[in-house]
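Notes to accompany the following structure.
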Amino acid sequence: MENSRKENKIVLTMRHINKNFPGVVALQDVDFTLRAGEIHALMGENGAGKSTLIKVLTGVEEFETGEIKIDGMPHSIINKSPQEAQANGISTVYQEVNLCPNLSVAENLFIGREPKKFGAIDWKTMNKKSKEVLGSLDIDIDVTKTLDNYSIAIQQMIAIARAVDMSAKVLILDEPTSSLDDGEVEKLFTLMRKLKAQGVGIIFVTHFLEQVYEVCDRITVLRNGALVGEFEVEKLPRVRLVAEMMGKDFDDLAAIKKSGEEKKKKSEEVVIDARKLYHAGTIKPFDIQIHKGEVIGLTGLLGSGRSELARAIYGADKADGGDLFVKGQKLLIGAPIDAMQAGMAYLPENRKEEGIIADLSVRENIIIALQAKKGIFKQLSRKEQEEFTDKYIELLQIKTANREVPIKQLSGGNQQKVILGRWLLTNPDFIILDEPTRGIDIGTKTEIQKLVLRLAGEGMAVMFISSEIEEMLRTCSRMAVLRDGWKVGELGEEELSQEGVMKAIAGGGSDE
Amino acid sequence: MKKLKLEGNQFLLLITVLLFAVMYVIGLIVFKDNNFGRLQVFLNLFISNAGLIVIAVSMTMVLITGGIDISVGSVVAMTCMLLAWMMEKKGIGAVPAVIIVLLIGIVFGLVQGFLIAYLKIQPFIVTLAGMFFARGMTAIISTEMISIKNELFLSWAQEKLYFPFGGYVNKKGVVINPYIYPSVVMALLVLVIVFLILKYTKFGRSIYAVGGNEQSALLMGLNVRRTKLKVYIIDGFLAAFGGFLFCLNTCSGFVEQAKGFEMEAIAGAVIGGTLLTGGVGNVIGSLFGVLIKGTIETFITFQGTLSSWWTKITIAALLAFFIILQSLFAKAKEKRK
Amino acid sequence: MSNAKKTLRKLTEYKLFLPFLCLALVLLINVIKTPTFFAITINNGVFYGYIIDVINRASELVILAVGMTLVVAASGGTDISVGAVSALAGAVCCFVLSGGEQSVNEYHAPYILGVLAAMAIGIICGAWNGFLVAKMKIQPMVATLILFTAGRGIAQLITDGQMIYVRVDHFKKLGAFIDGVPLPTPVFAAIFVVIVTMLLLKKTALGLYIQTVGINAKAARLVGLNSTMIQFLTYTYCGLCAGIAGLIITSRVYSIDANNAGLNMELDAILAVALGGNSLGGGKFSLAGSVIGAYTIQALTTTLYAMGVSADQIPVYKAIVVVIIVSLQSPELLKIWKNIKKKFGNDGARKKVA
C-alpha cells in the first residue's frame, strides 16, 4: 500500500566514516545509504572493509570520525555497543553463528527480551512464541532443547529468525548463507523479500555473485577501505561488478578455462584407493580411486558427506572400517600423521578452527607440518625455516609485512595461502582441498584455482571440494557425487556440466 | 513430559541425587545401631554445612559465568575474625557488626568484579590475590583466636528451632524433637533466591549466556561486563554472608579458619553437575554436592576409627568419578553430532 | 621520534621487559630499605646474605614454575595439584628412607631409592593428571583438583598422620650445602632443571609443538602432531618437577609434614607464570619469564620478612603487588586511561601545542 512511498525513504545513512587499526587504514571516508524496503548488497574483496563497516555500524568497533544517522532519530548516533545498536533498530546476523550453545533454542531467540509474567520469565509463552517464529521459517524442532543439539545450518537459521523477529528497521546479514544448503538459502530469500515488502532495509554481505543478482536491488562496492560506488543491480553487469571490486579489468576467468583445456592426459597410476572405507554416523562405506595428476571433485549438498569422505581418507576422523591403499600399499591410519607420512596433505574446511595456529608467525605456520613429519628430534634449523618461508611467501604471493607476523593478523585469503604453503612444503603426492576458496576474495580465488591446475599438471593428485559448482567445473576432471552420506556415483569429464552435476546431486525422483 | 527428554546435564544431576540417597541408605543399614536413622542426623548435615551451602551456591553462579572465585575461604575467615574482633575488642553491637561485614563483602566483590569484568584479568589470578589479601588481613586484625561472647550473637547461634514431629524418646523418657538453627533457614533461603534468579530473571539467564559464549552474548546485545560485575558483587556479598553463618557455628575467629573452603565449594558444585568451562550448572546440584560431602564426614564420625584424611581421599575419589562421568557424557555428545 | 625514545619503545616492546621491571623494582626497594641487601658475607666457607637467601629459597618455586609453564602453555590450564604432589613425594621419600618409623638416625634404605621413589610418585601423579586432561579432555583445573584434594590425604595415609624425621646429615645436603661448595645446593638443583628444560625446548621441536598444541589443538592434530601425547608429557613433566621440589622441601627440614609441606606452592607457581608475562590461556610462552617471576615472588617475600612483616601478614602485600602488576599488564587499563584522558583531553592538547 504505502510501499511505493516507503521505497524512497532513507532509513540509514553513514557519512565520511573513518576508522584506523594500528598501521592500517580500515575505512577511509566511506559513505553508505540504505533505503526502506530495499536489499542492499555490500560487496568487496577480503580486506575491503565490509566487515569493519558493519562492526562500526553495530557498535562492535569504534570509529574515529564520521556520522551515522537513522531514520526517526533527530541526531546522529554512535552505537557504543551491540545493545545500543539493537535499541536503535539495527539487528544483525553474523557470518559465524553467534548464539549460546548451552541455552535452549527458545532462549537464544528471546534472550534480552524475554516475555515476562509477574516480573519473572514466562517460559511457557517463550517456548510457544519460539515455535511460531521458527514455524514461519518451516523449521520444526524442539525449542526446549539446547542449541548444541542442532546442526550449524539450523543454528544459522535460528540466528536469522532471532534477528528478523526483533522487528528492526535495519537488518544486516553478514554472509549468512555460507553454511546453508540451497533449500535453506531459498527459504532465507523468501523471508528477505517478505521483509523488504514490509519496508525493512536489508544489508546483505555475500561472496556469491549469483545471490546478489537474485535478491538485491542495490550494490555498494568497497575496495581497500574506500568507497568505489553505489550501483543499481540492473545497471551493473557481473563482469563490471567484479571489475569494480578488483579494481582491474577482469579476464582471469577466461584464462583459467584455457589452462583448463591443457590438462588432458590422465595418468593411470593410482595414488589413493579406498575400499569400503567408512566413519560411523558421517560417511557410509565408499570406494574411490584417485590417479596421479588428476583433480577429483567431491560434490553434494551440505551434510551429504563430501567433507567427511575426505576426512576419513586423511584420518582426520579415524575410519571405523574398510581398507585404504596408498600407491598400492595398504595403510592403517591411526592419526593424520600416518597419512602425512604416506604423502597426503589436507587443507581443512574450517580455516579458523582447524587450519591456522593463530598466535604463531607465518614462518611457524608454514614449517609446522614439515617439522611434525620429520619428528621432534630433527629440528629444522632457523636458516632452513626462513628459506622455506620466503620461498612460499614469494611463490604464493602472500601479503605480509614479514615472516614473523602472527598469522591472525593476515587477511583470510592470505591465511589460506599460508596453509597451502604449509602443505606444499611437505611435498605431498595427494592433497585434499576442502573449500579452499570459501570466504576469500575473487582475485585470490582464481589464483588458487590456477594453482590447483598447475599442481595437477605437475603430477599431484588433488581432491577438490567446493560448494560452488562453477568453480568445480573449472578445475575438476572428474567428480564424485555424494548424497546423504553415500557416494552415489561419479561423473566423467564428458558429463561435467552445470546441469549434469545438479541432476546428479539432486538424484532421481527428488523434488529439489 | 515426554520420555527421554532428560538431557545429559539433567541426567548428571539425577545421578548426584541418587548417589546421595544410596549413600544415606547405606548409612542407615551400616550404622543402624548408632541412631543414624534419626531425623536429627540428617538435619545436622545442614547445620554443620550452612555456611558452605551458601558459598557453594555463590560459587556455582560464578562458575556458570565461566569464572572462578578461590578467595571465598579467606573471606569467610576474614568475616569471622572481623565479627569477633568488632564485637569483642571494639564493643560494636552484633547487628551493626554483621551489617559492616556484609558491606565489606560487597566492596570486596566489587573490586574483584571490576578487575575481572573491566580490566579483563583472569578470575583465577584476581581471586588468588583476593585470597591472599583476605587471609593476610585476618592475620593483621589478630593472630590470636578471638571467641565471641556477645549475647545477642550467641542467641542467634544457639536458638533452636524445633520440629513439631520426628522426635525420639531419650533414656529419661523425655521426647526430644529434632531441631535446626536459624543459620539453616537462612542458607536455604539464599539457595531458593539464587535458584529463582538464575531461572526466572533476565540477569540470571544472562549469566548462562555469558558462560556459554561470551562473544555471542555480547553480540546478542547483553551487557557482558555488567553481568559479570554484578555476579562478583553478589558473590562477595554471599561469601561474607556465608562467613556470617559459618561464624554462627564456630562463634570464634582465627587465622586458619575455613582453609580450603573454596575447594570444598568447587568440589560440591562439580559433583552437583556444574561445568568449570561455564554455561552449565544448577544450585540444587551444588546443594547435593555439599550434602554428599557432609554424609561422608558423618560416616567417618560414626565409624569412629577412621582417620580424618579419609574424608579428603573419599571426596577426591567421588570427584574423580563425577569428573570422568561428565567427560564421558561430553564425548558421547560430541560423537552424536 | 628521538633516538632515546625509540630505544625506550623497543625496550618496552621486549616481551620480558615487564617481568624484569618488576624484579628490578622489588630489588630497588630492598636496597633502599636494607642497604645491606646485596652484601654477601662468607661464613664457614659458605656465602650468606639476603640476596643469597632469595636465590636459595626461590629454588623450589623455580622448579615448580618450570613445570607449570609447560602445562599452561600446552593446555591453557593450570595444575593446582603440584603443592600436594610435592608433599606426597616428600612423604614417600621419607617413608622409604625411614622404613616406616617416625624418626630415624640412619637410612633404612639407600638414599637413591628414596629419591627415585619421590620422582616416580611425582611422575605417576603427573601422568594421572595428564591422562585426565589429555585423554579424557577434562579441564585442567578440575582434573588436578582431584589430586589437590587427595594428595595430602594419601600423604597422611602413608605417614599415618605423623611427621617423619630423617636425622641423617647426608639427607640434609640437598636442602643445605654440599661440603666445600659455597652456594646452597637447591640453587644448583633449580639451575639444573631450568637448563635441562631449556635444552629440551630449544634443541628439539618440543617448544614449537607445545605452543602449537596450546594455541589450537585441533589444527595441531591435523598437521600431524599428537596433541594428546604432548599434553600428557607436559603434565608428567610437571609432576616430575613437583617430585623434585618435594625432595628439596623435605631435605631442608629433614622431615615431612604432610599437612604443610609445599602449602600454597601451586598458587605461587601459577603466579610466577603470570608474572613472567605468560598468558594463562596457553599458547606462546617464555620459560625465562616464569623463572624471573619466581625469583620476583621470593624477593618480595624475603623483603617483607626483612621489613619485619610477620609470615601470616605477608599475603596481604603479595596480593597488592599482584593486583598492581597484572593491572599494569592489562590492555584494558590503557583503554580506560585513554578514555579518561579524552574526557579531560582539552587540557592536555593545549599543553602540547604550547
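Condition first: among the small types (Gly, Ala, Ser), within 19 Å of A:Thr475 (Cα to Cα) and not in a strand (DSSP E or B). Now tell me which residues in segment A:270-306 satisfy that.
Quick first cut of segment A:270-306, residues among the small types (Gly, Ala, Ser) only: A:274, A:280-281, A:293, A:297, A:300, A:303-305.
Among the residues that remain, those that are also within 19 Å of A:Thr475 (Cα to Cα) are: A:293, A:297, A:300.
Within segment A:270-306, A:Gly293, A:Gly300 qualify.
Picking from A:Glu114, A:Glu107, which residue would you name as being within 10 Å of chain B (Cβ to nearest Cβ), part of a loop (DSSP other than H, G, I, E, B) and more than 30 Å from A:Phe32 (Cα to Cα)?
A:Glu114
Scanning segment A:59-95 for residues that are more than 28 Å from A:Gly412 (Cα to Cα), free of Cβ contacts under 8 Å to residues at least 24 places away in the same chain and either exposed (fewer than 13 other Cβ atoms within 10 Å of the Cβ) or among the hydrophobic types (A, V, I, L, M, F, W, C) (or both) turns up A:Met73, A:Pro74, A:His75, A:Ile77, A:Ile78, A:Ala87.
Can you say whether C:Val193 is in the same structural domain as C:Ile52 (by TED's automatic domain parsing) and touching a Cys at 6+ places or on another chain (Cβ under 7 Å), as far as the supplied structure shows? Taking the combined requirement at face value, the residue satisfies it.
May I ask you to verify whether C:Gly100 is outside any helix (DSSP H, G or I) and either modelled with pLDDT under 95 or closer than 28 Å to C:Phe232 by Cα (or both)? In short, yes. Does A:Lys378 qualify as being within 17 Å of C:Val223 (Cα to Cα), without any contact (Cβ under 8 Å) to a residue 12 or more places away in the chain and within 12 Å of chain C (Cβ to nearest Cβ)? Here the answer is yes, as A:Lys378 does meet what is asked.
For segment A:151-160, the criterion of being over 21 Å from the mean Cα position of the chain (by Cα) and either at negative phi or assigned to a loop (DSSP other than H, G, I, E, B) (or both) is satisfied by no residue at all. For the structure I just gave you, tell me whether B:Leu152 is at pLDDT 85 or above and surrounded by fewer than 20 Cβ atoms within 10 Å (Cβ to Cβ). The answer is yes for B:Leu152. Filter segment B:304-337 down to residues that are in contact (Cβ under 8 Å) with a residue 12 or more places away in the chain and of a type in the set (S, T, N, Q) and give me whichever is surrounded by the most Cβ atoms within 10 Å (Cβ to Cβ). Taking the candidates together, the pick is B:Gln326. Annotation: B:Ala258 fulfils all but one of (1) in a helix (DSSP H, G or I); (2) away from chain C (no Cβ under 14 Å); the unmet one is (1). Screening A:Ser51 against (1) within 11 Å of chain B (Cβ to nearest Cβ); (2) surrounded by 18 or more Cβ atoms within 10 Å (Cβ to Cβ); (3) under 30 Å from A:Thr446 (Cα atoms) leaves a single unmet condition, (1). Selection of segment A:307-363 for residues being part of a loop (DSSP other than H, G, I, E, B), out of contact with any Lys or Arg (no Cβ under 6 Å at 6 or more places or on another chain) and farther than 26 Å from A:Arg483 by Cβ yields A:Lys327, A:Gly328, A:Leu331, A:Leu332, A:Gly334, A:Ala335, A:Ala342, A:Gly343, A:Ile356, A:Ile357, A:Leu360.
Every test in (1) over 30 Å from A:Asp441 (Cα atoms); (2) facing another protein chain (nearest Cβ under 10 Å); (3) of a type in the set (Val, Ile, Thr) is passed by A:Thr58 save one, and that test is (1).
One residue alone among A:Lys284, A:Lys266 is over 30 Å from A:Thr177 (Cα atoms) and modelled with pLDDT under 90, and that residue is A:Lys266.
Applying the criterion of being polar (S, T, N, Q) and not in a helix (DSSP H, G or I) to the residues of segment C:77-97, the residue that is modelled with the lowest pLDDT is C:Thr78. Hey, any hits in segment A:413-426 for a residue that's surrounded by fewer than 20 Cβ atoms within 10 Å (Cβ to Cβ) and either outside the structural domain of A:Glu458 (by TED's automatic domain parsing) or in contact with a helix residue (DSSP H, G or I) (Cβ under 9 Å, 6 or more places away or on another chain) (or both)? No, segment A:413-426 has no match at all. Taking B:Lys171 as the residue in question, decide whether it is within 23 Å of the chain's Cα centre (by Cα) and more than 28 Å from B:Ser74 (Cβ to Cβ). No; evaluated as a whole, the condition is false for this residue.
Any residue at all in segment C:197-213 that is within 16 Å of C:Gly243 (Cβ to Cβ) and not basic (Lys, Arg)?
Of the residues in segment C:197-213, the ones within 16 Å of C:Gly243 (Cβ to Cβ) are C:197.
Those left that are additionally not basic (Lys, Arg): C:197.
Yes, some residue in segment C:197-213 is within 16 Å of C:Gly243 (Cβ to Cβ) and not basic (Lys, Arg).
Based on what the data block shows, is C:Phe131 outside any helix (DSSP H, G or I) and assigned by TED's automatic domain parsing to the domain that holds C:Gly246? When the stated conditions are applied, C:Phe131 does not pass them.
So is A:Leu433 farther than 24 Å from A:Ala274 by Cβ and touching a residue at least 12 places away in the same chain (Cβ under 8 Å) or not?
Numbers: farther than 24 Å from A:Ala274 by Cβ: no; touching a residue at least 12 places away in the same chain (Cβ under 8 Å): yes.
So A:Leu433 does not fit the description; no.
In this structure, is A:Asp359 within 29 Å of the chain's Cα centre (by Cα) and at the interface with chain C (Cβ under 9 Å from one of its Cβ atoms)?
It is true that A:Asp359 is within 29 Å of the chain's Cα centre (by Cα) and at the interface with chain C (Cβ under 9 Å from one of its Cβ atoms).
Residues in segment C:185-205 that are farther than 26 Å from C:Leu174 by Cα and either more than 9 Å from chain A (Cβ to nearest Cβ) or surrounded by 21 or more Cβ atoms within 10 Å (Cβ to Cβ) (or both) were compared, and the one that is nearest to the chain's Cα centre (by Cα) is C:Leu201. For B:Gly73, are the conditions met, namely being surrounded by fewer than 24 Cβ atoms within 10 Å (Cβ to Cβ), closer than 25 Å to B:Met263 by Cβ and small (Gly, Ala, Ser)? Here the answer is no, as B:Gly73 does not meet what is asked. Could you identify the single residue in A:Asp182, A:Asp138, A:Asp122, A:Asp148 that is within 13 Å of chain B (Cβ to nearest Cβ) and touching a residue at least 24 places away in the same chain (Cβ under 8 Å)? Checking each option against the conditions leaves just A:Asp148.
Regarding segment B:131-150, can at least one residue be identified that is among the basic types (Lys, Arg) and within 21 Å of B:Gly260 (Cβ to Cβ)? Reasoning before the result, please.
Of all residues in segment B:131-150, those among the basic types (Lys, Arg) come to B:135, B:149.
Filter again for within 21 Å of B:Gly260 (Cβ to Cβ), leaving B:135.
Yes, that holds for at least one residue.
Could you check, for segment C:73-87, whether at least one of its residues is surrounded by 18 or more Cβ atoms within 10 Å (Cβ to Cβ), free of Cβ contacts under 8 Å to residues at least 60 places away in the same chain and among the aliphatic types (A, V, I, L, M)? Within segment C:73-87 (the criterion being surrounded by 18 or more Cβ atoms within 10 Å (Cβ to Cβ), free of Cβ contacts under 8 Å to residues at least 60 places away in the same chain and among the aliphatic types (A, V, I, L, M)), the answer is no, since none of the residues qualifies.
Yes or no, residue by residue, for (1) aliphatic (A, V, I, L, M); (2) in contact with a strand residue (DSSP E or B) (Cβ under 9 Å, 6 or more places away or on another chain); (3) within 11 Å of chain B (Cβ to nearest Cβ):
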| residue | (1), (2), (3) |
| --- | --- |
| C:Gln231 | no, no, no |
| C:Thr236 | no, no, no |
| C:Ala242 | yes, no, no |
| C:Leu263 | yes, no, yes |
| C:Val273 | yes, no, yes |
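Collect the residues in segment B:180-203 that are at the interface with chain A (Cβ under 8 Å from one of its Cβ atoms) and within 20 Å of B:Ala269 (Cα to Cα), keeping them in residue-number order.
First, the residues of segment B:180-203 that are at the interface with chain A (Cβ under 8 Å from one of its Cβ atoms): B:196, B:199-202.
The answer is B:Leu196, B:Lys199.
The values are calculated or read from the model by the stated rules, or taken from the named source; none is laboratory data. As the structure is a prediction and not an experimental result, all values here were calculated from the model. Don't worry about glycine lacking a Cβ; one is built from the backbone with ideal geometry, like all the others, and counts go over all protein chains shown.
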